[in-house]
Amino acid sequence: MTRLSLPMVEQRSSQLEKCVYCPKLCRAACPISNAEPNETLTPWGKMSSVYFAGRGLAPLDAETASLAWACTGCLACKERCDHKNPVADVLSEARGPLAELGLQPKESSAIVARGESRRLRLKQAVAELSQELGPAVVGDGPPLLLGCGYTLKHLEVAGLAARVAAKLVGGPVSLLDGCCGYPERMAGDAAGSAHLSKELASTCSGRAPLVLDVGCAQSLRPALSDVRLVLDLAFENLDRFKPIAIEPSELPRYHDPCLLGRGLGRYEEPRRLLGKVLGQAPLEFHRNRAAADCSGAGGLVPVVRPETSKTMAEQRLAQADSGPLVTACASSLTRFRRSGAKVDDLVVFLAKGLGLTS
Ligand code: SF4
Ligand code: SF4
């Protein structure tokens, strides 16, 4: 048995104790414990485990430590909590000292170990995309971060986003090829993550970057306070989007990404943009906006607890018919596509609404 004391437990004692002494008011909110019914996987169970093990009052082994990785960062518990307790922040912060003790899940260490090769692939992909898009789209204009979630997994969406941004700013954008550090932060390598986001910030030459993926925007904010979402740029230009012709069976249902909705409060902006392009409001999940369920895509859960992530996606998809979906984050796009859903990114509709594609 490892007896230890995690300094972060003292620094976060107020938030941890709120959960420890709480009658689990957010119990039904956590998609992890809903997908994998187990009391220790509720926000209360995870926070209590970190609290007692971090104070040396309970055994700490890899299984207990893994509870800190059983969180997608969906913010549903915070939304439900009377104290707005930042459970996701505390659990992700706990990953650092646990990783330093070698207690992290092996899939999480693999993320850090493979970081260099992922970043090299990202640079290569951005260089090739810049070449393909040409000087009308890529040049010396405002910096744009497409992110590895889009560039390495949904290159067609990344390319469309660059074209949308260039059209809206009225000239070429410069594509950033660095990493925001989100995977490292989620793997418990806070120092590595901070280094990467600072390095990326230094390549912006003092200009506020446009950011496509809300996860990248969240990671960059400590290093760069003035990041701007492509979504916000599009919304400021709402009048420029024109309606497209669409068959009733093609009308998509909008999934609220957790970090965009509960994280940044962007509920109406994507709906108004879709409404403008579709000529009518998108369909809704019964559980939408602040009550939307997580797709199971965040916080490294798809690699650390793949079956749980799959169940979460299936539970979300079961709330809709088999018609098309639209989302606005690379992780949920990947997760839903992997589960066989017909899903597009908001950017695909923005490109259509600007007449860039048919
Ligand atoms: S997040 Fe809030 S509601 Fe949930 S267990 Fe902690 S204190 Fe209670
Ligand atoms: S942030 Fe989401 S996944 Fe994490 S503990 Fe809270 S409800 Fe569960």
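The values are calculated or read from the model by the stated rules, or taken from the named source; none is laboratory data. The model shown is predicted, which means the values in this text are computed figures rather than measured ones. Cβ coordinates were reconstructed from backbone atoms using ideal geometry, including for glycine residues, and neighbour counts include every protein chain displayed. SASA here: full protein model, heavy atoms, side chains in, ligands and nucleic acids out. Shrake-Rupley method; radii C 1.70, N 1.55, O 1.52, S 1.80 Å.
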Output the relative contact order of segment 7-104, whole-number percent, from Cα pairs under 8 angstrom with separation of 6+ residues. 30 percent
Taking the Cβ of Ser130 as the centre, find all other residues whose Cβ is under 11 Å away and add up their charges (Lys, Arg: +1; Asp, Glu: -1). -2
With a Förster distance of 41 angstrom and the Cβ-Cβ distance between Ala136 and Arg272, calculated FRET efficiency to the nearest 0.05 equals 0.90
³J(HN,Hα) computed for each position of segment 255-267 - Karplus, 6.51 cos²θ - 1.76 cosθ + 1.60, integer Hz, glycine/proline x: 9, 6, x, 4, 6, 6, x, 4, x, 10, x, 8, 9
Nearest 10 degrees, 0 to 90: helix 115-133 Cα axis against the chain principal axis: 10 degrees
Helix 87-100 vs. the chain, principal-axis angle (Cα, 0 to 90°, nearest 10): 70 degrees
With θ taken as phi - 60° and the coefficients 6.51, -1.76 and 1.60, list the Karplus ³J(HN,Hα) couplings across segment 237-247 in order, rounded to whole Hz; mark glycine and proline as x. 10, 3, 5, 7, 8, 10, x, 10, 7, 9, 6
Treating every alpha carbon of segment 7-104 as one equal point scatterer without solvent, the Debye formula yields log10 I(q)/I(0) values at q = 0.18, 0.24, 0.25 Å⁻¹ of -0.73, -1.35, -1.46
In whole Hz, what ³J(HN,Hα) sequence does segment 62-69 give by Karplus (6.51, -1.76, 1.60; θ = phi - 60°), x for Gly and Pro? 4, 5, 5, 4, 4, 5, 5, 8
Given unit charges at Cβ for Lys, Arg (+) and Asp, Glu (-), the dipole magnitude of the chain about its Cα centre in debye, nearest 20, is 220 debye
Over all alpha-carbon pairs of the chain, lay out the pair-distance distribution in 10 Å bins, whole %, shortest bin first. 5, 25, 33, 24, 10, 2, 0
So what's the net charge close to Pro324: Lys and Arg +1, Asp and Glu -1, counting the other residues with Cβ under 11 Å from its Cβ? -2
In the chain, which cysteines lack any other cysteine Cβ under 4.7 Å from their own? Cys19, Cys22, Cys30, Cys71, Cys81, Cys148, Cys179, Cys204, Cys329
Simple label model, 7 Å out from Cα along Cβ direction - Ser14 to Ala245, nm: 6.0 nm
Violating pairs (Cα-Cα greater than 19 angstrom) within the set Lys153/Lys352; Lys24/Lys46; Lys242/Lys352: Lys153/Lys352
Rounded to a whole number of µm²/s, how large is the Stokes-Einstein D of segment 183-243 at 4 °C and 1.567 mPa s, given Rh as the Kirkwood radius over C-alpha pairs? 102 µm²/s
Summed side-chain charge close to Gly159 - residues other than Gly159 whose Cβ falls under 12 Å, Lys, Arg +1, Asp, Glu -1: -3
For segment 309-358, take the alpha-carbon Rg, divide it by the Kirkwood Rh, and send me Rg/Rh. 1.04
Which FRET efficiency, nearest 0.05, do Arg55 and Lys106 yield, Cβ-Cβ r, R0 22 Å? 0.25
MRE, 222 nm, helices only [DSSP H, n ≥ 4, -39500 (n - 2.57), over the chain, to nearest 500]: -13500 deg cm²/dmol
Please list, ordered by chain and number, the residues whose modelled amide H lies under 5 Å from the amide H of Leu145; skip anything fewer than 5 residues away on the same chain. Leu176, Leu210, Val211, Leu212
Note: segment 241-358 at 25 °C, 0.890 mPa s; Kirkwood Rh on alpha carbon pairs; Stokes-Einstein D in µm²/s works out to 170 µm²/s
Under a 5 Å amide H to amide H cut-off, with H placed in plane at 1.01 Å, what residues pair with Arg253 once short-range neighbours are removed? Leu283, Leu325, Val326
Can you give me the three principal axis dimensions of segment 208-290 from its C-alpha atoms, in Å, biggest first? 44, 30, 15
Under 5 Å between amide H atoms, partner at least 5 residues away or on a different chain: which partners does Val138 have, H built in plane at 1.01 Å? Val173
Surface accessible to a 1.4 Å probe, per residue, for the residues of the chain, Å²: 43 Å²
With r defined as the distance between the Cβ atoms of Thr357 and Ala191 and R0 fixed at 41 Å, what FRET efficiency is calculated, to the nearest 0.05? 0.45
Quick one: Cα convex hull volume of segment 140-271, Å³ per residue? 126 Å³
